[in-house]
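Q: Handing you this structure, nothing more for now.
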Amino acid sequence: MVTFVERYKAVWLWIAQWAVLLSIFTPLVVMPDHLIFPFVTPKAWFFQSMITIAVVAWGLLMVADQAYRPKKHFLNYVVLFFGAVALLTTITGVDAHRSFWANHERMIGSFFTLHLVALYFVATSVFTTQEAWRRVWKMFLGIGFLIIGSAIIQHWKPDFLFGGQRAASTLGNPLYLGLHAVYVAFIAALLFFEGRADGSLKERWQMGVLWLLVILSFIAFVFSETRGVAVGLGAAMVWMLAWIAAAGRKRAYRWSALGLLVIMVLGIAAVTLFNQHPALNSIPVVRRFSGFSLGGTNANRLFAWNVAIDAWKDKPILGWGPFNYVYAFNQKYQGTQLVHNNFGETWFDNAHNFFLDTAAEQGVVGFAAYLLLLIAPLVLFIRGWYRGHIPLSAMTLISALIITHAVQNIFAFEQVSSYASLFMVLAYVHYRAVAHASASRADAPRKSLTPGVTQAIGGALIIGGAVLLYTANVVPFRANALMFNGLNVLELQKDASIWFGIEKKAIELGGPYTDHVREELARTLLRIRVPDGQRSAMVDLFKYTIAQQEEARRRHPLDPVYTMLLGELWYGAYFIAPNDFPRGIELGDQAFAEAIKVSPERQQLYLLWAEHVGQAGLFAKGLDQLKKARSFAPHSAFMLKLYADYLERAGINAPERAYLRWLSIQLSPSMLGAVQDELISFELIKWVSARAGVDRLQALLTCAGHDTGVACADPSFENTDYRPSEKLFQVLVGYFKEQKDVERVRQYTELAQQQYPGIILPEVKVK
């Protein structure tokens with residue numbers, strides 16, 4: 001008896017092949033008018049859906065014919081080990097749910113990793129000929145042409161296809177574009193050399209198209225201005241040229257490669273030494289290097305790297321769990337290290353270094369698994385070249401591609417499209433290094449399962465695949481689309497009740513990302529201004545949202561975001577309806593205190609808490625939170641003024657308030673307009689008439705590099721661009737004239753004239 005599984009074997013093969021081929025379309029999938037995170041979520045769900053279909057068809061193939069089962073080989077074991085470690089560390093980590101599913105913004109949890117592993121095994125099983133792989137790469141290059149073509153257009157027309165300051169195409173991030181462009185360039189070069197070797201490139205136009213793709217890809221890479229990919233590509237080119245110079249078959253090739261290698265090394269040296277030169281600085285990628293510094297966001301990334309190292313030390317064997325770096329960052333967050341842009345916050349969910357991410361999240365076991373994933377194909381291809389199975393061109397191009405990918409991950413992280421491309425290359429490595437030595441399908445023995453077992457397994461595969469496809473991809477897609485639709489309704493119709501109904505449907509759908517829907521519900525509710533006549537409806541909305549946020553907090557107790565939002569919700573509910581939420585302030589305080597226990601130095605928590613306390617009119621109480629926040633940024637103009645504002649609203653410490661506002665101007669002249677009137681007020685003059693106040697003013701001059709005989713008030717001001725204001729000199733000169741201190745008057749008059757030639761120093765009368 002021939003079962004339906006065996007009868008339609010050709011159909012299963014066709015489905016498996018085309019599902020994998022269609023997964024190559026992943027980088028093109030963008031839905032900006034339907035989904036939140038439109039450059040990430042649709043890509044992941046599309047890729048996972050295609051691979052799920054491919055796995056079901058492949059499973060049916062393996063039931064029908066054992067020739068489609070994976071064969072024993074080192075690379076297969078490496079990939080299996082990689083997937084097994086992801087599952088193991090998910091179980092042992094601090095948040096298994098987050099590890100397995102990740103979040104809407106990244107989508108690369110262990111669930112996605114398993115799909116990558118599945119892609120590898122399906123591709124190695126159903127693409128087993130040179131022609132089959134040529135079809136794969138032609139599809140890849142066709143999609144790549146659309147991506148790099150749109151990127152080039154974006155460069156000249158920034159508003160084209162969701163463009164920005166730097167080209168990103170449909171990938172949504174210039175970094176992702178840069179790496180994908182390198183993939184397209186190297187695969188195009190691979191097809192060119194392979195076609196030349198076996199005679200399949202018979203027409204000149206075919207060769208021209210491939211080299212055109214290489215050139216266009218390089219142009220798109222330049223327009224992406226990605227430093228990490230540039231460093232990776234440089235390392236890869238050095239590797240490739242060194243191999244050709246040492247092992248090229250023709251003398252002309254060796255000498256040409258050596259010459260190019262020398263030129264490249266000199267070029268790298270020139271860029272390093274003379275990157276400020278106008279000619280070099282006109283090149284987009286070079287310009288990005290010339291603007292590099294260890295301050296700002298780069299300093300934050302260095303701090304994130306250190307956090308990853310510390311996190312690995314805490315859990316060295318199996319780590320915190322995939323995608324759980326955020327929990328280590330929350331615990332080890334240092335407000336003094338991450339203060340910039342007036343307390344603009346940094347919520348790192350990765351270290352911007354995938355190797356350190358892996359070490360922190362999966363320990364030495366996961367780090368070893370990832371290294372093996374990158375090193376194994378290099379070893380296989382080098383060995384294959386040495387034994388004569390693989391030409392030098394293929395060995396150098398594929399190994400250079402993997403090196404580029406690996407090096408750029410020192411400065412970045414994996415994402416949906418790049419990860420999928422890497423595993424497709426791994427499958428190709430398997431074909432070139434392994435499949436040529438395998439037995440042909442015609443000679444492979446058949447399965448000897450009974451018809452009943454065969455049909456049962458086949459039916460289970462189809463049903464299980466359908467259930468997985470729906471629950472893991474369709475349901476979260478619908479929930480995300482409902483979230484987006486709800487926000488549009490709220491923005492256009494201004495009707496909170498309709499929006500609430502839509503968001504509630506999204507939560508009721510369930511799915512793995514329900515907590516992210518709850519988070520978005522809370523954030524949006526906190527932004528809504530209560531419409532007239534809808535206060536009772538808002539009470540119900542707050543009750544529901546608070547309950548949902550409580551559930552999210554319960555599921556993720558180590559994530560301060562959910563607890564922080566809960567605190568904001570309790571305060572917001574109290575402001576809307578104090579009679580319905582009489583304990584709103586108390587419960588809000590409890591939630592903020594719990595969030596701070598999780599991340600004790602996260603200044604945003606203190607600021608938000610103080611903000612809500614201030615809205616409640618409890619300004620004296622808010623000073624407690626602001627004082628802690630100030631400790632992380634003693635020279636923040638924003639914090640100084642905010643603290644002064646709370647002092648004023650609390651009705652206390654007027655002299656100090658004036659001084660703080662005046663000091664904020666010294667640090668940030670842009671704040672002058674906000675407090676100019678108070679600068680010349682009697683309040684400030686009165687305060688500085690006290691000797692302690694004068695000492696503080698002199699201390700600021702010391703910080704600015706002047707010898708006043710008083711120690712610098714804040715050493716963090718030393719050796720900075722701090723410049724004393726004219727007002728400081730006027731006040732000090734006036735004070736010491738009043739005190740008849742001739743020597744001090746002379747000293748500060750000279751300093752004032754040095755700083756401000758022509759400054760007017762009137763006889764200031766200090767009362």
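Q: Report, to the nearest 10°, how far helix 726-738 tilts away from the longest principal axis of the Cα atoms in the chain, using its own Cα long axis and a range of 0 to 90°.
A: 30 degrees
Q: Let me understand region 65-443 better: what is its radius of gyration from the alpha carbons, and its Dmax, in angstrom?
A: For region 65-443, the Cα-based Rg and Dmax read 21.5, 71 Å.
Q: Given Cβ point charges of +1 (Lys, Arg) and -1 (Asp, Glu) and nothing else, what value in debye, to the nearest 20, does the dipole of region 65-443 about its Cα centre take?
A: 1200 debye
Q: Where in region 17-70 are there chymotrypsin sites (Phe, Trp or Tyr not before Pro) that are in a DSSP coil and have at most 10 other Cβ atoms within 10 angstrom of their Cβ?
A: Of the chymotrypsin sites (Phe, Trp or Tyr not before Pro), not one in the loops of region 17-70 has a Cβ with at most 10 other Cβ atoms within 10 Å.
Q: Would you mind checking the tilt of helix 584-598 against the longest principal axis of the Cα atoms of the chain, expressed as 0 to 90 degrees and rounded to 10?
A: 60 degrees
Q: How about region 534-631: which trypsin sites (Lys or Arg not before Pro) there are in a DSSP loop, with at most 14 other Cβ atoms within 10 Å of their Cβ? Please list the in-between numbers first.
A: Details: sites: Arg535, Lys543, Arg553, Arg554, Arg555, Arg583, Lys597, Arg602, Lys621, Lys627, Lys628, Arg630; in loops: Arg583, Arg602.
Sparse-neighbourhood loop trypsin sites (Lys or Arg not before Pro): Arg583.
Q: Here's another thing I want to ask about it. Can you give the Rg/Rh ratio of region 1-124, where Rg is from the C-alpha atoms and Rh is the Kirkwood radius?
A: Over the Cα atoms of region 1-124, Rg/Rh equals 1.03.
Q: Could you check the simple spin-label distance between Phe162 and Glu551, using points 7 Å along Cα→Cβ, in nm with one decimal?
A: Going from the Phe162 label point to the Glu551 one covers 3.0 nm.
Q: Using the Cα centre of the chain as origin and beta-carbon charges of +1 (Lys, Arg) and -1 (Asp, Glu), tell me which of Val561, Ala197, Val265 is placed farthest towards the positive end of the dipole.
A: Final value for the positive-end residue is Ala197.
Q: Find how much the distance from Asp310 to Gln753 grows on full extension, using 0.36 nm per residue of separation minus their present alpha carbon separation; answer in nm with one decimal.
A: Additional length available on full extension: 154.4 nm.
Q: Continuing with this model, one more query. Loop-only check: which GluC sites (Glu not before Pro) in region 187-241 are DSSP coil with at most 10 other Cβ within 10 angstrom?
A: Glu203
Q: What are the principal axis extents of the Cα atoms in region 72-132, in Å, biggest first?
A: 44, 25, 11
Q: Report, to the nearest 10°, how far helix 416-433 tilts away from the longest principal axis of the Cα atoms in the chain, using its own Cα long axis and a range of 0 to 90°.
A: For 416-433 against the chain, the angle is about 30 degrees.
Q: Also: In bins 5 Å wide, starting from 0, what share of all Cα pairs of region 553-605 does each bin hold, as a percent?
A: 5, 26, 27, 20, 14, 8, 1
Q: Could you work out [θ]222 nm for the chain from helices alone, using -39500 (n - 2.57) per DSSP H run of at least four and dividing by all its residues? Round to the nearest 500 deg cm²/dmol.
A: That calculation yields -23000 deg cm²/dmol at 222 nm.
Q: While we're on this one: Between Gln590 and Arg249, how many nm apart are label points set 7 Å from Cα along the C-beta direction?
A: 7.8 nm
Q: If you don't mind, another one. Please name which of Leu492, Ser23, Ser599 has its Cα lying farthest along the dipole of the chain towards the positive end, using unit charges on Cβ (Lys, Arg +1; Asp, Glu -1) and the Cα centre as origin.
A: In the chain, that residue is Ser23.
Q: (1) 184; (2) 203; (3) 173: which one is volume of the Cα convex hull per residue in Å³ as calculated from this entry?
A: (2)
Q: Can you tell me which lysines have their Cα less than 20 Å from the Cα of Lys313? Leave out same-chain residues fewer than eight positions away.
A: Lys332
Q: Take every Cα-Cα pair in region 178-260 and report what % of them are more than 21 Å apart.
A: That fraction is 41 percent.
Q: Which Cα, out of Tyr68, Asn350, Gln548, lies furthest along the positive dipole direction of the chain (beta carbon charges, K/R +1, D/E -1)?
A: Tyr68
Q: Under 8 Å for C-alpha pairs, at least 6 residues apart: give me the relative contact order for region 60-204, rounded to a whole percent.
A: 13 percent
Q: Using a Förster distance of 56 angstrom, determine the FRET efficiency expected from the C-beta separation of Leu492 and Glu743, and round it to 0.05.
A: Step by step, r from the Cβ atoms, then E = 0.20.
Laboratory data are not the source of any read-out in this text; all were calculated from the coordinates shown. Please read all numbers here as calculations on a predicted model, not as lab measurements. For neighbour counting, all protein chains shown are included, and Cβ atoms are generated from backbone atoms with ideal geometry for every residue, glycine included.
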